[in-house]
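Undergrad: This is the structure, below, for whatever I ask next.
The values are calculated or read from the model by the stated rules, or taken from the named source; none is laboratory data. These numbers were taken from a predicted model, which means no experiment stands behind them. Ideal geometry is used to build each Cβ from the backbone, glycine not excepted, and the neighbour counts take in all protein chains shown.
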Amino acid sequence: MTIDLETLSRDELQTLIKDAQKALKSVDARNRAKAKRAAENAAKEYGYSLDEVLGAGTKGSKGVAKYANPADPSQTWTGRGRKPNWVIEALQAGKSLDDLSL
């Protein structure tokens, strides 16, 4: 497809730009969807969902968990920020952070 840009008016060029931007968004959306399907299929081959692989559902975790609650291993803490209640309770019960480390 060849377009002679020199023969187009300003309004036609603006329309062409808008149409091209819409087309780019459409192509990007299709490519993202295709990439997501490929990632989901790859995760499924290993027995996981994409959310499990990406760690979705964890509240903005910004680091690797270093400590876990012995009573509920799904509760973890990176060691940064405010101590969770289960850490405070374990420390008050005489445990050390080493006892809670992963």
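Undergrad: Report yes if residue 79 is on the phi > 0 side of the Ramachandran plot, out of contact with any Leu (no Cβ under 9 Å at 6 or more places or on another chain) and without any contact (Cβ under 8 Å) to a residue 40 or more places away in the chain, otherwise no.
TA: no
Undergrad: If you go through the stretch 68-102 one residue at a time, how many are farther than 24 Å from residue 52 by Cα, of a type in the set (Gly, Ala, Ser) and not in a loop (DSSP other than H, G, I, E, B)?
TA: Matching residues across the stretch 68-102 total 1.
Undergrad: Does residue 82 count as among the charged types (D, E, K, R), at pLDDT 90 or above and farther than 23 Å from residue 101 by Cα?
TA: For residue 82, the condition - among the charged types (D, E, K, R), at pLDDT 90 or above and farther than 23 Å from residue 101 by Cα - is not met.
Undergrad: When the residues of the stretch 33-50 are narrowed to those that are surrounded by 12 or more Cβ atoms within 10 Å (Cβ to Cβ) and modelled with pLDDT under 90, which ends up nearest to the chain's Cα centre (by Cα)?
TA: 50
Undergrad: Return only the number of the condition from (1) surrounded by 10 or more Cβ atoms within 10 Å (Cβ to Cβ); (2) within 30 Å of residue 102 (Cα to Cα); (3) among the aliphatic types (A, V, I, L, M) that residue 64 does not satisfy.
TA: (1)
Undergrad: Out of 11, 72, I need the residue that is exposed (fewer than 10 other Cβ atoms within 10 Å of the Cβ), more than 22 Å from the chain's Cα centre (by Cα) and either modelled with pLDDT under 90 or on the phi > 0 side of the Ramachandran plot (or both). Which one?
TA: Just a single option satisfies the conditions, and that option is 72.
Undergrad: Condition first: of a type in the set (Ser, Thr, Tyr) and closer than 30 Å to residue 50 by Cβ. Now tell me which residues in the stretch 1-39 satisfy that.
TA: Selection gives 26 alone.
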